[in-house]
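The values are calculated or read from the model by the stated rules, or taken from the named source; none is laboratory data. On a predicted model such as this, the values are computed, not experimentally measured, just so you know. All Cβ positions, even for glycine, are placed from backbone atoms using ideal geometry, and neighbour counts span all protein chains on display.
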Amino acid sequence: MSTEVRVPTLGESVTEATVATWFKKPGDAVAVDEMLCELETDKVTVEVPATAAGTMGEIVAAEGETVGVDALLATIEEGKGAASAPSEAPKTAEAAPAASSESVDVMVPTLGESVTEATVSTWFKKVGDTVAQDEMLCELETDKVSVEVPAPAAGVLTEILAEEGSTVDASAKLAVLGGSGASAAAPAAEEAPAPSAGAGKSVEDAPSAKKLMAENNLDAGSVKGTGRDGRIMKEDVQKALSAVTTAPTPAAAPRAASPAEDASREERVKMTRLRQTIARRLKDSQNTAAMLTTYNEVDMTEVMALRNEYKDLFLKKHGVKLGFMSFFTKACCHALKEVPEVNAEIDGTDIVYKNFVHMGIAAGTPTGLVVPVIRDADSMSFADIEKAIAEKGARARDGKLSMAEMQGGSFTISNGGVYGSLMSSPILNPPQSGILGMHKIQDRPMAINGEVVIRPMMYLALSYDHRIVDGKGAVTFLVRVKEALEDPRRLLMDL
């Protein structure tokens, strides 16, 4: 009897994933909940645990393949893999001498449905190199995904038939492994880690990460791996690259340049899966919703005074700093109770009203914008909100957010002011019907009681879906947020 291993639920709007790494191979013993493989989506990395104990059977989806939700990944055969080891041991012993005298062809792996050809993007080994079984030899690129090609056996790479940049069909031979180095490969593996895995590491880094490090002359030792057992993922390299600062180059004298010369100084980089998803979802938002933005401004004098008065005591008691985001979150929760359509969504011909506020807090990360969700923010205290924002923000920057933490938001707050934005029109986060944009606090002359005084002012922008929210409701919502912030006592009295 066998147990099927299928792709788990990937999260809202995520319909496919790429098989990044298999931690087990056919015949290996598997325990319940032991990690079998790792999937990469355009948002997060998902680990797939074993649902039953037994022996690893057939691997249906190889590394590099794109799979949909609930797709079959592999099978687990009933019975303990350890029990089969003794009977297989003699075969392994007999096979070793054969490997020393036979050559092994390296073929193009399964590329996936409707994919008939691929381009050889990178060779990680050169002719004459000794390789271990399952060590990555090269990477292929198709019009859908990147496919990693592992060594089918230990040996020496004797011939490369498809050079980098060449296009190969689905049944092509890529290279030849000579078995004469197989016996030498084993001691080498025992004496030192595989060259491509980085000093002091026995875990194979993601080939896409190794390729990116090679292209940017980045040493693996300077990158912190967040994958399983410290495996370096592509996102880790991107994070390390974003932290590298370069000295400004002296300004060059203006000169006439031809288009060809300009092209030689350009750099073309493929969009990450996360960036592609961000682009698609934002454009879908514009195409679907009847989006409109209304503006107002708020005098931050009272909030700033209240914060300055209690920030030290707040930090001492709750262990977290008192920021402005908790005030805005509280103000929005109060306003959403009065104007519930801003907290609702359209589902077909129905309007779904939410009797809760799951507040999305937009956060910028090295790899793109993500929106972690603080659930039931309307029932949380100032301290609880500040703790949640700090924790979610840190996890977002480290790329540790789970799919569940980015799902189910009913309203979103985006603070462009931290980057210096004075005014902007935020884009809706579908299927939500409202998003509040915060901006920079700037001292401006204001007319107060017939006198001109300097006040710390902030522009507020509410983008809303006009299909469900009327102009009156949107303006009322923004006015209620303004009133609560200009007189924070209203938040205490639920006014």
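Below are the figures for this structure:
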{"read-out": "In the stretch 453-494, the residues that are touching a Cys at 6+ places or on another chain (Cβ under 8 Å) and of a type in the set (Ser, Thr, Tyr)", "value": "none"}
{"read-out": "Test: residue in the stretch 201-208 that is modelled with pLDDT of 60 or more and surrounded by fewer than 20 Cβ atoms within 10 Å (Cβ to Cβ)", "value": "yes"}
{"read-out": "Those residues of the stretch 418-435 which are surrounded by fewer than 19 Cβ atoms within 10 Å (Cβ to Cβ) and either outside the structural domain of GLU345 (by TED's automatic domain parsing) or farther than 20 Å from ALA279 by Cβ (or both), in sequence order", "value": "VAL418, GLY420, SER421, LEU422, MET423"}
{"read-out": "Tabulated pairs, the stretch 325-350, first under 14 Å from VAL475 (Cα atoms) and surrounded by fewer than 22 Cβ atoms within 10 Å (Cβ to Cβ), second of a type in the set (Asp, Glu) and modelled with pLDDT of 95 or more, C-beta under 7 angstrom, 6+ apart or interchain", "value": "none"}
{"read-out": "Number of the condition not met by SER2 [criteria: (1) within 27 Å of ALA404 (Cα to Cα); (2) in contact (Cβ under 8 Å) with a residue 24 or more places away in the chain]", "value": "(1)"}
{"read-out": "Residue, surrounded by the fewest Cβ atoms within 10 Å (Cβ to Cβ), within the stretch 407-417, restricted to residues that are of a type outside the set (Gly, Ala, Ser) and touching a strand residue (DSSP E or B) at 6+ places or on another chain (Cβ under 6 Å)", "value": "ASN415"}
{"read-out": "Residue within the stretch 462-476 that is closer than 19 Å to THR288 by Cα, out of contact with any strand residue (DSSP E or B) (no Cβ under 6 Å at 6 or more places or on another chain) and of a type in the set (Asp, Glu) present", "value": "yes"}
{"read-out": "Given (1) closer than 28 Å to GLY230 by Cβ; (2) in contact (Cβ under 8 Å) with a residue 60 or more places away in the chain; (3) surrounded by fewer than 20 Cβ atoms within 10 Å (Cβ to Cβ); (4) among the hydrophobic types (A, V, I, L, M, F, W, C), number of the condition VAL320 does not satisfy", "value": "(1)"}
{"read-out": "Residue match in the stretch 339-347 (condition: polar (S, T, N, Q) and either closer than 27 Å to GLY471 by Cα or at pLDDT 90 or above (or both))", "value": "yes"}
{"read-out": "All positions within the stretch 274-317 that are of a type in the set (Asp, Glu) and in contact (Cβ under 8 Å) with a residue 12 or more places away in the chain", "value": "ASP284, GLU297, ASP299, GLU302"}
{"read-out": "Residue match in the stretch 57-65 (condition: aliphatic (A, V, I, L, M) and at pLDDT below 85)", "value": "no"}
{"read-out": "Condition met for SER414 (touching a Leu at 6+ places or on another chain (Cβ under 8 Å) and at pLDDT 90 or above)", "value": "yes"}
{"read-out": "Residue within the stretch 393-402 that is buried (at least 16 other Cβ atoms within 10 Å of the Cβ), under 23 Å from LYS311 (Cα atoms), in contact with a Gly (Cβ under 9 Å, 6 or more places away or on another chain) and of a type in the set (A, V, I, L, M) present", "value": "no"}
{"read-out": "VAL106 vs. criteria closer than 29 Å to GLU235 by Cβ, buried (at least 19 other Cβ atoms within 10 Å of the Cβ), modelled with pLDDT of 85 or more and not acidic (Asp, Glu)", "value": "yes"}
{"read-out": "Listing of strands (runs of 3 or more DSSP E) fully contained in the stretch 316-415 that carry 1 or more residues being within 15 Å of ASN429 (Cα to Cα) and not polar (S, T, N, Q)", "value": "345-347, 359-361, 363-365, 368-370, 411-415"}
{"read-out": "Cross-chain or 6+ apart pairs with Cβ under 9 Å, the stretch 24-42 first and loosely packed, with under 14 Cβ neighbours inside 10 Å, then assigned to a loop (DSSP other than H, G, I, E, B) and acidic (Asp, Glu)", "value": "LYS25/ASP134"}
{"read-out": "Scan of the stretch 282-303 for residues that are surrounded by 14 or more Cβ atoms within 10 Å (Cβ to Cβ) and part of a helix (DSSP H, G or I), ordered by number", "value": "LEU282, SER285, THR288, THR301, GLU302, VAL303"}
{"read-out": "The stretch 389-408, residues that are touching a residue at least 60 places away in the same chain (Cβ under 8 Å) and in contact with an Asp or Glu (Cβ under 9 Å, 6 or more places away or on another chain)", "value": "GLY399, MET403, MET406, GLN407, GLY408"}
